[in-house]
Amino acid sequence: MSDSIKRIAVIPGDGIGREVIAEALRVLEVLKRRNRWPLEWVSFDWGAEKFLREGVTLPAGALEMFRREFHAILFGALGDPRVPSNQHAVDILLGTRFGVDLYVNPRPVKLLDARLCPLKGCAEREIDMVIFRENTEGAYAGMGGNFKRDTPEEVAVQEDVNTRKGVERIIIHAFEHARRHNLKKLCMCDKSNAMPHGHGLWQRTFAEVRKRYPEVEASHLYVDTLALEMIRNPAQFQVIVTCNLFGDILSDLGAGLVGGLGVTPSANLHPGSVSLFEPVHGSAPNIAGKNLANPLAAILSAGMMLDYLGFPEAAGQIESAVAEAIHLDKTTPDLGGSLGTREVGDWICTRLA
């Protein structure tokens, strides 16, 4: 794989995933052409249609191909009512996340227009944080089982898995992000008062790692307190780092503060290796094919990807264009505008060109 050309694997997926990724690719094409960036991408038709037609979810050798041939993966959304088990989604997305060890899930929470915030009188400058979610362990590790299933005496056990390696590397990544971006506040979130074994490991690891970053004001909050404080005073937070389950919940809470999942990008990173970038709003089959889907989260995720690939100016350019679109109501109906998916993409592309 040539180091000069950045190769992107594109998995549009199902439903509106295909529609929003199409707009993100149009934006990438505009920036590539304007800046003469060495980018190329290859699309893969993995999703419900392929699964129903061929019984294939994640093809054999796919993970090795990603590592060998690509620098990044741009991912749409998976989910189709014709596959009630969602097996293809589990195999493709979670298979890639765990198989390529994408242990960092950064979820930016930035208010681009005060009108989108449900908090009374909240200004744009007051919400600008990033939540770092540990992405490969915790309650989502898939360990557990059922005893006497489907009987009145059933017992269900779901294990919460925390390793020193996994906890330490996500905490270090969050501190490094703070240092790199000159951010002064970092909060670690757990529930060690009720989960002393697993989250006691988080406490002890955090206490050790924080000593390496004296310039960062490091603090701790239990997850219930943090959720309350994110609503009460979001301006106090810059960087949050937490476990898989809590990161999943808190990042959606953060999305609610800034306009919803339609304006919040996401990444799944293994620093220095192939990483995955995606909007997290789902495939929304009820509006698929109707030109109603909001493409802004996909476009912002593409901006995160370009930053990761070594084009940091792109993320700022895309974010500015998206913010302007919101200010001018050049958006889909969920954000108060009257444009369709393609028309929003047209406007962003014109603005960037």
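Coordinate-derived values only; no laboratory data. Fair warning: this is a prediction, and the values are worked out from it, not measured in the lab. Reconstructed Cβ throughout: ideal geometry from the backbone, glycine too, with neighbour counts over all protein chains shown.
Rounded to the nearest 20 debye, the dipole size of region 204-353 about its Cα centre is 180 debye, using +1 on the Cβ of Lys and Arg and -1 on the Cβ of Asp and Glu. Placing a pseudo-label 7 Å from each Cα along the Cα-to-Cβ vector at MET195 and LYS148 gives an inter-label distance of 2.7 nm. Approximating the spin labels as points 7 Å out from Cα along Cα→Cβ, the ASN291-to-SER273 distance works out to 4.3 nm.
With the Cα gyration tensor of region 211-294 giving a ≥ b ≥ c as the square roots of its eigenvalues, does the rule (a/c under 1.5 for rounded; else a/b larger than b/c for prolate; else oblate) give rounded, prolate or oblate?
Verdict is oblate for region 211-294.
Arranged from fewest to most other beta-carbon atoms within 10 Å of their beta carbon, ARG180, ARG133 become ARG180, ARG133. Label-to-label distance, GLU29 versus SER4, with points set 7 angstrom from Cα along the beta-carbon direction: 2.5 nm.
Among SER85, SER192, SER273, SER266, a tally of other beta-carbon atoms within 10 Å of each Cβ gives an order, fewest to most, of SER85, SER273, SER192, SER266. Cβ-Cβ distance of ARG53 and THR163, R₀ of 35 Å, FRET efficiency by 1/(1 + (r/R0)^6): the value works out to about 0.35.
Spatial offset of region 91-111 relative to region 145-200 amounts to 15 Å, using the alpha carbon center of each.
Scan the chain and hand back the longest stretch that contains none of the GluC sites (Glu not before Pro) lying in DSSP loops with at most 11 other Cβ atoms within 10 Å. Longest gap between qualifying sites, sites excluded: 1-152. By definition, a body whose alpha carbon gyration tensor gives a ≥ b ≥ c is rounded when a/c is under 1.5, and the chain falls into this rounded group.
The equivalent ellipsoid that matches the C-alpha gyration tensor of region 104-262 spans semi-axes of 29, 21, 12 angstrom, in descending order. Projecting the Cα atoms of VAL56, CYS349, GLY13 onto the dipole axis of the chain, where Lys and Arg carry +1 and Asp and Glu carry -1 at the beta carbon, places CYS349 farthest toward the positive end.
Ordered by the count of other Cβ atoms within 10 Å of each Cβ, fewest first, LYS50, LYS184, LYS110, LYS211 give LYS211, LYS184, LYS50, LYS110. Just report the Cα centroid separation between region 1-77 and region 228-256, whole Å. So the two Cα centres are separated by 30 Å.
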